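Structure first, commentary second.
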Amino acid sequence: MENFTPVSALIGGAFIGLSAVIMLAGNGRIAGISGILGGAISSRGDERRWRILFLAGLLIATLLYQFASSSPITIETQASPELLVIAGLLVGFGTRLGSGCTSGHGICGIARFSKRSFAATVTFMLFGFITVYVTRHLLELGV
């Protein structure tokens with residue numbers, strides 16, 4: 001953890017929590033990104049419109065941050081493109097299997113004391129720990 005910045009992490013977490021509260025209070029919906037994306041693909045009319053605007057806001061916020069920031073955003077990975085595609089497909093499969101993602105269960109569900117979300121989040125975290133251990137220590141992939 002060589003680049004851990006607690007102040008920016010706290011500010012970012014507060015904004016994520018605030019956006020989840022605004023979404024639930026204003027729209028009556030859970031801010032689960034996988035559900036919002038899935039609904040943007042399959043829904044129609046106003047239901048689809050707010051979902052597309054929400055997703056666009058995620059992208060636009062990144063661009064605004066890049067514009068306002070003094071340093072460019074760089075993303076480096078040691079994983080091959082093939083491994084990233086496989087990982088993305090596995091995450092998508094797990095999201096469907098768990099009926100939601102970390103944002104829906106981990107942020108919104110736990111805040112609502114959902115037993116299902118507690119179980120899902122523990123499962124996400126456990127398999128994340130296992131994956132890091134296996135890839136870094138057993139397979140020595142360094143990812």
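The values are calculated or read from the model by the stated rules, or taken from the named source; none is laboratory data. Just so we're clear, the structure is a prediction, and the values are computed from it rather than from any experiment. Counting neighbours? That spans all protein chains shown, and the Cβs are built from the backbone with ideal geometry, glycine included.
Within the set Gly88, Gly26, Gly35, the sole residue that is within 30 Å of Arg136 (Cβ to Cβ) and either basic (Lys, Arg) or part of a helix (DSSP H, G or I) (or both) turns out to be Gly88. Every condition in (1) surrounded by 12 or more Cβ atoms within 10 Å (Cβ to Cβ); (2) more than 24 Å from Gly13 (Cβ to Cβ); (3) of a type in the set (Ser, Thr, Tyr) holds for Ser42 except the one numbered (1). Hey, any hits in segment 74-83 for a residue that's out of contact with any Lys or Arg (no Cβ under 9 Å at 6 or more places or on another chain), surrounded by 11 or more Cβ atoms within 10 Å (Cβ to Cβ) and either within 24 Å of Ile16 (Cα to Cα) or touching a residue at least 24 places away in the same chain (Cβ under 8 Å) (or both)? Yes, segment 74-83 contains a residue that is out of contact with any Lys or Arg (no Cβ under 9 Å at 6 or more places or on another chain), surrounded by 11 or more Cβ atoms within 10 Å (Cβ to Cβ) and either within 24 Å of Ile16 (Cα to Cα) or touching a residue at least 24 places away in the same chain (Cβ under 8 Å) (or both).
Restricting attention to segment 97-120, does a residue exist that is surrounded by 10 or more Cβ atoms within 10 Å (Cβ to Cβ), at pLDDT below 85 and at positive phi? Scanning segment 97-120, I find at least one residue that is surrounded by 10 or more Cβ atoms within 10 Å (Cβ to Cβ), at pLDDT below 85 and at positive phi, so the answer is yes. Residues in segment 131-143 that are assigned to a helix (DSSP H, G or I), hydrophobic (A, V, I, L, M, F, W, C) and under 19 Å from Leu84 (Cβ atoms) were compared, and the one that is farthest from the chain's Cα centre (by Cα) is Val134.
Residues in segment 93-118 that are part of a loop (DSSP other than H, G, I, E, B) and within 20 Å of Ile22 (Cα to Cα): Gly100, Cys101, Arg112, Phe113, Ser114.
Look at Phe127 and say whether it is modelled with pLDDT of 90 or more, surrounded by 10 or more Cβ atoms within 10 Å (Cβ to Cβ) and either of a type in the set (Val, Ile, Thr) or more than 15 Å from the chain's Cα centre (by Cα) (or both). For Phe127, the condition - modelled with pLDDT of 90 or more, surrounded by 10 or more Cβ atoms within 10 Å (Cβ to Cβ) and either of a type in the set (Val, Ile, Thr) or more than 15 Å from the chain's Cα centre (by Cα) (or both) - is not met.
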